[in-house]
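Q: Input: one structure, supplied below.
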Amino acid sequence: MTGKDSDNRRKRIIIIGGGAAGLMAAGWAAECGADVMVLERMSRPGRKLRITGKGRCNITNIAPMAEFIGHFGRTGRFLRHAFAEFFSNDLVAFLDSLGVPTVVEQGGRVFPASGRAEDIVNALQNWAIGRGASIRMDERVTGLVIADEKIAGVRAGKGAYDADALIVATGGASYPATGSSGDGYRLARDAGHTIVPVRPALVPLVTAGDIAGRLQGLSLKNVSAKAWADGKKIVEEFGEMLFTHFGVSGPIILTISGTVADALREGKKVEVSIDLKPALDDKKLDDRLVRDLNEHGKKQLGSMLKELLPKSLISVCTDLTGLDPALPANQVSAQQRKRLRLWLKDFRLDITATRPIDEAIVTAGGVKTSEVDPKTMESRIVKGLYFAGEVLDIDADTGGYNLQAAFSTGRLAGVSAGGSSSLAGVSAGGSSSLAGRSAQDFIFLSE
């Protein structure tokens with residue numbers, strides 16, 4: 001089982017990328033007895049993982065399997081086997097065994113109890129090293145060595161390395177300062193793989209005009225956002241959003257951004273409609289307005305609206321509805337009340353673009369999943385070549401789903417490349433003759 005090839009030497013595995021998927025793959029491949037080396041282009045591993053969830057690291061979600069997979073849309077089915085072998089409960093137990101307890105927060109999101117993404121990175125790095133993996137920093141892979149349609153090694157900035165298997169875990173193309181520069185797509189394409197066009201996912205949206213700028217910093221909770229393309233509703237989400245100097249962001253905006261981006265690329269006119277009072281249907285909202293206008297009849301409309309809206313949104317409301325904020329509340333006509341009601345249920349913003357891909361939380365597109373075996377993560381084109389994490393054409397909504405996919409596919413790729421015929425018995429808590437050695441024994445910094 002344990003990472004030995006036909007001439008009884010340890011199987012040599014190279015992993016490109018020291019992020020969530022790469023570190024997970026490294027530890028599990030080493031657990032299988034393989035000789036594992038991670039090549040990381042940055043000066044330290046896990047750079048992107050350290051900033052996820054605003055530095056808190058939303059590692060997974062406790063949603064049931066079917067619901068979880070549904071958040072990946074069309075590519076969710078590809079992940080079924082990886083999740084069946086290592087899912088959210090397994091990840092939580094695994095991290096706990098590494099001394100990183102977790103907590104569940106709103107929406108089923110799971111975070112380290114410390115609130116520090118750094119703790120996740122350190123635990124994974126120390127675990128992988130303890131299992132015998134080495135990590136070479138500041139080492140960028142420039143090409144693959146393929147012989148007879150099988151991986152033979154890689155070329156890198158400091159030389160060439162032989163390998164019996166290679167795991168590409170380079171991440172996507174967002175946040176390039178963390179090392180996710182899209183190298184994996186180039187390497188996969190050179191190996192003969194199809195790359196589904198790369199585009200931003202979970203990315204803020206740019207709006208026309210000055211409305212967003214006027215509302216900069218305003219956060220809205222418990223609102224509904226619908227996206228319309230050429231007059232047809234294409235997606236809807238409920239929750240929290242944020243106004244920025246360029247447009248809109250926040251959880252529900254990020255969730256709908258992929259669908260919006262596709263519509264924009266097709267040249268469609270895209271609008272986002274915000275329902276500020278989704279808990280009230282038209283009749284209940286109208287009844288509320290009638291009551292408020294009557295109760296505050298002597299107040300000016302602008303003052304009465306403080307009962308309904310955040311202060312910064314009041315002037316935007318009166319400007320867009322054409323209502324006079326100085327008008328006494330008891331003089332608001334039925335037609336004016338209707339205009340106000342319709343706006344509260346349908347506050348529209350024209351979307352002109354997404355923010356650049358280097359600001360996206362996740363990259364959509366990547367290595368075509370039909371060219372990868374979902375039971376092993378091995379390429380169907382080149383033997384010994386494996387993929388894990390965001391480099392694959394898999395992306396999900398915000399909420400911990402994407403990181404779970406990175407951990408699950410990383411583990412599956414590591415065990416498969418390491419030569420385990422069965423995942424059973426390969427545990428994070430297993431013993432290793434190298435477990436007592438320090439990080440200095442294994443991490444090679446650039447000179």
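All of the numbers you see were taken from the coordinates with simple rules; none came from a lab. It should be emphasised that the depicted structure is a prediction, and the values quoted were computed from it without experimental measurement. Note that each Cβ is placed from the backbone with ideal geometry, even for glycine, and that neighbours are counted across all protein chains shown.
Q: As I understand it, the dipole of the chain uses +1 on the Cβ of Lys and Arg and -1 on the Cβ of Asp and Glu, about the Cα centre. Which of Ala353, Gly18, Ala113 lies farthest toward its positive end?
A: Ala353
Q: Additional query: Taking the Cβ of each residue in Ile62, Ile129 as the centre, tally the other Cβ atoms inside 10 Å and list the residues starting with the fewest.
A: Working: Ile62 16, Ile129 25.
Going from least to most buried by this count: Ile62, Ile129.
Q: Restricted to Cα positions, what overall size does the stretch 204-354 have along the principal axes? Three whole-Å values, descending.
A: The Cα atoms of the stretch 204-354 stretch 50, 29, 23 Å along their principal axes.
Q: A further question on this structure: Each label point is 7 Å from the Cα along the Cα-to-Cβ direction; what then is the distance between the points at Ile62 and Asn126, in nm?
A: The two pseudo-label positions are separated by 2.6 nm.
Q: Taking the Cβ-Cβ separation of Arg116 and Ala279 as r and a Förster radius of 35 Å, what is the calculated FRET efficiency to the nearest 0.05?
A: On the way: r = 36 Å, r/R0 = 1.02.
So the FRET efficiency works out to roughly 0.45.
Q: Also: Which one, Ala163, Leu264, Asn89, is farthest towards the positive end of the dipole of the chain when Lys and Arg carry +1 and Asp and Glu -1 on their Cβ?
A: Towards the positive end, the residue furthest out is Leu264.
Q: May I pose another question? Could you pull out the GluC sites (Glu not before Pro) across the stretch 254-306 that fall in loop regions by DSSP (anything but H, G, I, E, B) with no more than 10 other Cβ atoms inside 10 Å? Each step should come with its number before you reach the end.
A: Numbers: sites: Glu266, Glu271, Glu295; in loops: Glu266.
Passing sites in the stretch 254-306 are Glu266.
Q: Taking a cut-off of 23 Å between Cα atoms, list the lysines near Lys150, but don't count ones fewer than 8 places away on the same chain.
A: Once the sequence-local lysines are set aside, what remains near Lys150 is Lys4, Lys11, Lys158, Lys368, Lys375, Lys383.
Q: For Glu266 and Ala326, compute 0.36 nm times the residue count separating them, minus their Cα-Cα distance, and round to one decimal in nm. Walk me through the intermediate numbers first.
A: Values: separation 60, 0.36 × 60 = 21.60 nm, distance 4.38 nm.
Extra length from Glu266 to Ala326 when fully extended: 17.2 nm.
Q: Mind checking the angle between helix 251-265 and the chain's longest principal axis? C-alpha axes, 0 to 90 degrees, to the nearest 10.
A: With both axes taken from Cα atoms, the answer is about 90 degrees.
Q: About the Cα centre, and with charges only on the beta carbon of Lys, Arg (+1) and Asp, Glu (-1), how big is the dipole of the chain? Nearest 20 debye, please. Walk me through the numbers before you get to the answer.
A: Details: 56 positive and 51 negative charges, 143 e Å.
Roughly 680 debye, rounded to the nearest 20.
Q: Using 13 Å as the cut-off for backbone N distance, which residues of the stretch 234-272 belong to the label zone defined by a point 7 Å from the Cα of Asp350 along Cα→Cβ?
A: From the stretch 234-272, the list is 269-272.
Q: Return the FRET efficiency for the residue pair Arg339, Lys150: r is the Cβ-Cβ distance, R0 is 60 Å, and the value is rounded to the nearest 0.05. Intermediate values should be presented prior to the final figure.
A: Values: r = 69 Å, r/R0 = 1.15.
Step by step, r from the Cβ atoms, then E = 0.30.
Q: Among [x] 69, 49, 46; [y] 77, 58, 56; [z] 91, 43, 42, which is the computed Cα extents along the principal axes in Å?
A: Read-out taken from this structure: [z].
Q: Modelling each spin label as a point 7 Å along the Cα-to-Cβ direction, I'd like the His245/Lys54 distance in nm, to one decimal.
A: It works out to 1.9 nm between the two label points.
Q: Could you work out which residue, out of Gly250, Gly55, Gly22, moves most in a Gaussian network model of the chain, that is, has the largest mean-square fluctuation with Cα springs under 10 Å?
A: Gly55
Q: To continue, here is another question. Return, ordered by residue number, the residues of the stretch 49-63 whose backbone nitrogen is under 12 Å from a label point located 7 Å along Cα→Cβ of Glu105.
A: Residues 52-60 qualify, since their backbone N sits under 12 Å from the label point.
Q: Using only Cα atoms, tell me the angle between helix 20-31 and the longest principal axis of the chain; keep it within 0 to 90° and round to the nearest 10.
A: Approximately 30 degrees, to the nearest 10.
Q: Turning to a different aspect of this structure: For helix 282-295, report the angle its Cα long axis makes with the longest principal axis of the Cα atoms of the chain; keep it between 0 and 90° and round to the nearest 10°.
A: With rounding to tens, the tilt is 50 degrees.
Q: Let me ask something additional. Order by neighbour count: Met377, Met137, Met42, fewest other Cβ atoms within 10 Å first, most last. Kindly include the intermediate steps, with their values, before the conclusion.
A: Details: Met377 31, Met137 17, Met42 20.
In increasing order of surrounding Cβ atoms, one gets Met137, Met42, Met377.
Q: With +1 on each Lys and Arg Cβ and -1 on each Asp and Glu Cβ, how big is the dipole of the stretch 174-324 about its Cα centre, in debye rounded to the nearest 20? Display every interim value, and only then the final one.
A: Details: 20 positive and 20 negative charges, 19 e Å.
Here the size comes out at about 100 debye.
Q: Sticking with this structure for a sec: For Lys368 and Ala93, calculate 0.36 nm times their separation in residues minus their Cα-Cα distance, and state this gained length in nm to one decimal. Working shown, then result.
A: Numbers: separation 275, 0.36 × 275 = 99.00 nm, distance 3.12 nm.
Length gained, Lys368 through Ala93: 95.9 nm.
Q: Could I ask something else about it? Nearest 5 percent is fine: what portion of the DSSP beta bridges confined to the chain is antiparallel?
A: DSSP beta bridges in the chain are roughly 75 percent antiparallel.
Q: Now, a different point. Given charges of +1 on the Cβ of Lys and Arg and -1 on the Cβ of Asp and Glu, with all other atoms neutral, how large is the dipole of the stretch 244-365 about its Cα centre, in debye to the nearest 20?
A: The calculation lands at about 440 debye.
Q: Follow-up. Using 0.36 nm per residue, how much length does the chain from Ile234 to Asp162 gain when fully extended, once their Cα-Cα distance is taken away?
A: Working: separation 72, 0.36 × 72 = 25.92 nm, distance 4.89 nm.
Result for the pair: 21.0 nm of gain on full extension.
Q: Of His245, His193, how do they rank once you tally other Cβ atoms within 10 Å and put the fewest first? Write down the numbers at each step before the final one.
A: Values: His245 11, His193 22.
In increasing order of surrounding Cβ atoms, one gets His245, His193.
Q: Using 1/(1 + (r/R0)^6) with R0 = 45 angstrom and r between the beta carbons of Ser219 and Arg9, what's the FRET efficiency to the nearest 0.05? Write out the running numbers ahead of the final one.
A: On the way: r = 58 Å, r/R0 = 1.28.
The formula returns an efficiency of 0.20 here.
Q: Given the rule -39500 (n - 2.57) for each run of at least 4 DSSP H residues, summed and divided by the residues of the chain, what is its mean residue ellipticity at 222 nm, to the nearest 500 deg cm²/dmol?
A: Working: 14 runs with 139 residues, N = 447.
Mean residue ellipticity at 222 nm (helix-derived): -9000 deg cm²/dmol.
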